[in-house]
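Worksheet: the structure to be examined is printed underneath.
The values are calculated or read from the model by the stated rules, or taken from the named source; none is laboratory data. All values reported here derive from a predicted model rather than from experimental measurement. Neighbour counts are summed over all protein chains in view; Cβ atoms, including those assigned to glycine, are modelled from backbone coordinates with ideal geometry. Side chains are part of the model used for accessible areas, which takes the heavy atoms of the whole protein and leaves out ligands, DNA and RNA. Shrake-Rupley method; radii C 1.70, N 1.55, O 1.52, S 1.80 Å.
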Amino acid sequence: MALSLQQQKDSKAMDSSKYVRYTPEQVEALERVYTECPKPSSLRRQQLIRECPILCNIEPKQIKVWFQNRRCREKQRKEASRLQTVNRKLSAMNKLLMEENDRLQKQASVATTDTSCESVVTSGQHQQNPTPQHPQRDANNPAGLLAIAEETLAEFLNKATGTAVDWVQMIGMKPGPDSIGIVAVSHNCSGVAARACGLVSLEPTKVAEILKDRPCWYRDCRCLEVLTVLPTGNGGTIELVYMQTYAPTTLAAARDFWTLRYTTCLEDGSLVICERSLTASTGGPPGPPAPNFNRAEMLPSGYLIRPCEGGGSIIHIVDHVDLDVWSVPEVLRPLYESSKILAQKMTISALRHVRQIAQETSGEIVYGGGRQPAVLRTFSQRLSRGFNDAVNGFVDDGWSLMNSDGMEDVTIAINSSPSKLVGGHVNSSTMLSTLGGGVLCAKASMLLQNVPPALLVRFLREHRSEWADSGVDAYSAASLKASPYAVPGARVGGFPGSQVILPLAHTVEHEEFLEVIRLEGHGFTQDDAVLSRDMYLLQLCSGVDENAAGSCAQLVFAPIDESFADDAPLLPSGFRVIPLDAKSDGPAATRTLDLASSLEGSGGARSAGETGSNSYNLRSVLTIAFQFTFENHLRDSVAAMARQYVRSVVGSVQRVAMAIAPSRLGSHLGPKPPPCSPEAVTLARWICRSYRFHTGVELLRADSQAGDSLLKLLWHHSDAILCCSLKSNASPVFTFANQAGLDMLETTLIALQDIMLDKILDEGGRKVLCAEFSKIMQQGYSSLPAGVCVSSMGRPVSYEQAIAWKVLNEEDNNHCLAFMFVNWSFL
């Protein structure tokens, strides 16, 4: 009995020891350790007890429990903060949606009485501000400029929150607490317009500061100058702004704008920045002349920034421009009359940039490599700007055209003062020889038919060996070295090493990412020993989301050295693919055309049956620009090399475009010819003979057993037939595919050899193949059930059945493994 009572006392003593009341000094000591290491090891906890006398009366187990509780409290605090943030976002978004619903109801009521957009704009203007026109305003009178500013404000607000424009929501832009916001484009109005509204966790003044710095987020902005600043009596400011923008291709002039920008506060505390062009009809002072630019017009546009309860802002953005579409060739006009392209380039870009800054400021984004976000953004801006400079070749930057070689497909421009290009803050001494030299740019544009821009750029990024020349890459890399590299002759293919993509940074929605490309295995001869074995490229890729309507896809890269300094000189080259609206589609004999030749009389009548009915009936404009440094005595040699290289790249892109264009885009384009090598003929005979030997059934219904006929029938077989290597010590790699197989994998015969079998099968397919593999090797074939595989572009592909069999050579030895995917289709 006494022993039982003693055990109960001991048990109570042990229970009481689980709860320890800490003194403030003990808590302070533990908090200091928690700040340095939230999860200390057992040794670290024991060391803490030894080093802190005030903790000596506490058991190590209790110290462990304290840290567990502290981590739990920290997690609960973060979760509560996150939920409060989400709640504020949802409340603000609910308010935004209710306002949008009210606006749509008003727009519907107006549409019943007025069907034209122009009359709706006019009625909205009269309701808001029935101010008479003033064609003869005094250019030097601030009161006249204020009158223009107030009219601009009224018209902008009617577009942002009223019914002045018939807005249609863009596909895929769904509102939500984590979405980009609500994005809409204009319908049946003069010019092109886009509108967006969304939430950001920045105060209105900070948002206004970011949006007014247009060159930082608008990639097509070449320069922006504020020539005049006038304060207004209501605390606002009027600015006279001159802006130049880049042309998207080599075949049209760039645009500039002369605008009045008005910044003011409304009675409800909202901040407004509105802007419009000053023209002869609006009045105001004339803008500066620019002979190499076409003057475009900005109709009342701007930003409405409203403070949000609990912090943050609600932003309304309106962009409305008239880009003088009639001054460009007809084939290019869709680029200048598409509201979707305007939305992607300006409206959505502005909102994304503000959200990016907001998340970086709050610490939600952490970049690797020890680089600050501002430094990485600067690299992206420099790559984009350098590529735009190369495409446009402005005279005031020092560019001049070289004489052509009789063919007009590739344009060569030279710049003997490239310090303007790399920037005054950049040390370009390593890039340009002391012997004298400059920068040369070879560029071309072409029209693509039925090739999705995002798909093409993704292929160019992931399969560089399909189009790049290793010798030219080595020459570009050598421009960063002290000793120049000999001018190579452009070679098609011959890429000796592989590329490794090293991610560096990406934007919030992954629509743009910055990366370092390591090209492995260079150094072709003993003379190339001065080069590093590995070469590096800084690369910017954007617009690879196939679901983003009107998005421009772009791949821009520049050689860098191993140091990767913040002020490293960059000489960007690359590709840009811009979609054209389906309404501009016309009959085409081939999928890739020389755009320059299509400009001559390209305004022919379009077939009504070929427009709009097929979502794959699309055109896009591809612009290619490659830049090289040169020494004066080698200028002509470098120019010849660059011209030949760009022509080879154009040819490679045409082949890639033919390969990746979906097979259902139309039979009028004609089938692709099969490979004609003796090895392909022999392999086709082995495939068909082995299939008949193992299954007892003919694979092809061929009247003739001639090798060429078998290869042609196999090549054009409706099911996807692929062969892969059969090695016990390595993963199976594809070695051959017929046309249906290449279409299914979205690749080419050359790039096929980089694809492994286990990379295209999903988990279920890999398990089935592993289970059936022994049967295939013993019996010779096996029938696999329906499943899903993945193309090289990441698209899921379903098939009803797959048949696998061993392919035997003439000596009946195992040569490879063949697969036939029956009735496949993209999901």
> If you take all C-alpha pairs in region 176-263, what percent of them are over 18 Å apart?
Replying inline: 64
>> Run the numbers for Val822 and Phe773: contour at 0.36 nm per residue of separation, minus the present Cα-Cα distance, in nm.
In response: 15.7 nm
>> My understanding is that a pair violates if its Cα-Cα distance is over 29 Å; which of Lys767/Lys806; Lys106/Lys340; Lys159/Lys212; Lys159/Lys206; Lys345/Lys759 do that in this structure?
In response: Lys345/Lys759
> Which GluC sites (Glu not before Pro) does region 291-395 hold that lie in a coil by DSSP with at most 16 other beta carbons within 10 Å?
Replying inline: Glu309, Glu364
> If we sort 685-696, 271-282 on the protection proxy, mean other Cβ atoms within 10 Å, highest first, what's the order?
Replying inline: 271-282, 685-696
> Between Ser417 and Ser400, what is the label-to-label distance in nm when each label sits 7 Å out along the Cα-to-Cβ direction?
Replying inline: 1.2
> Just the accessible area per residue of region 688-826, please: how many Å² with a 1.4 Å probe?
Replying inline: 47
> In terms of modelled amide H atoms, which long-range or inter-chain residues lie less than 5 Å from the amide H of Met170?
Replying inline: Val183, Ala184, Val185
> If you take the beta carbon distance between Leu266 and Gln381 as r and set R0 to 22 Å, what does 1/(1 + (r/R0)^6) give as a FRET efficiency, to the nearest 0.05?
Replying inline: 0.10
>> Can you give the FRET efficiency to the nearest 0.05 for Ser783 and Gln169, using r as the Cβ-Cβ distance and R₀ = 41 Å?
In response: 0.30
> For region 746-827, what relative contact order do you get, as a whole percent, if you take Cα pairs closer than 8 Å and at least 6 residues apart?
Replying inline: 24
> Considering amide H positions built from the backbone, and no H for Pro or chain starts, which residues 5 or more places from Arg222, or on another chain, come under 5 Å of its amide H?
Replying inline: Gln244, Thr245, Tyr246
>> On a full-extension model of 0.36 nm per residue, what is the gain between Asp534 and Ile501, subtracting their alpha-carbon distance, rounded to one decimal in nm?
In response: 10.6 nm
> If r is the Cβ-Cβ distance from Ser362 to Lys727 and R0 is 51 Å, what FRET efficiency results, to the nearest 0.05?
Replying inline: 0.50
>> Give me the percent of accessible area attributable to carbon and sulfur for region 674-827, probe 1.4 angstrom.
In response: 52
> Could you give the alpha-carbon Rg of region 285-403 over 2.2 N^0.38 Å, rounded to two decimals?
Replying inline: 1.40
> Rounded to the nearest whole Å², what accessible area per residue is found for region 189-309 with the 1.4 Å probe?
Replying inline: 36
>> Per-residue counts of other Cβ atoms within 10 Å, averaged by peptide: what ranking do you get for 390-399, 56-65, 341-350, highest first?
In response: 341-350, 390-399, 56-65
> Residue-wise, which Karplus ³J(HN,Hα) couplings in Hz belong to region 649-659, taking 6.51 cos²θ - 1.76 cosθ + 1.60, θ = phi - 60°, and x for glycine or proline?
Replying inline: 5, 4, x, 5, 5, 4, 5, 4, 4, 5, 6
>> How much length would be gained if the chain were fully extended between Asp324 and Leu90, taking 0.36 nm per residue of separation minus their Cα-Cα distance, in nm to one decimal?
In response: 80.1 nm
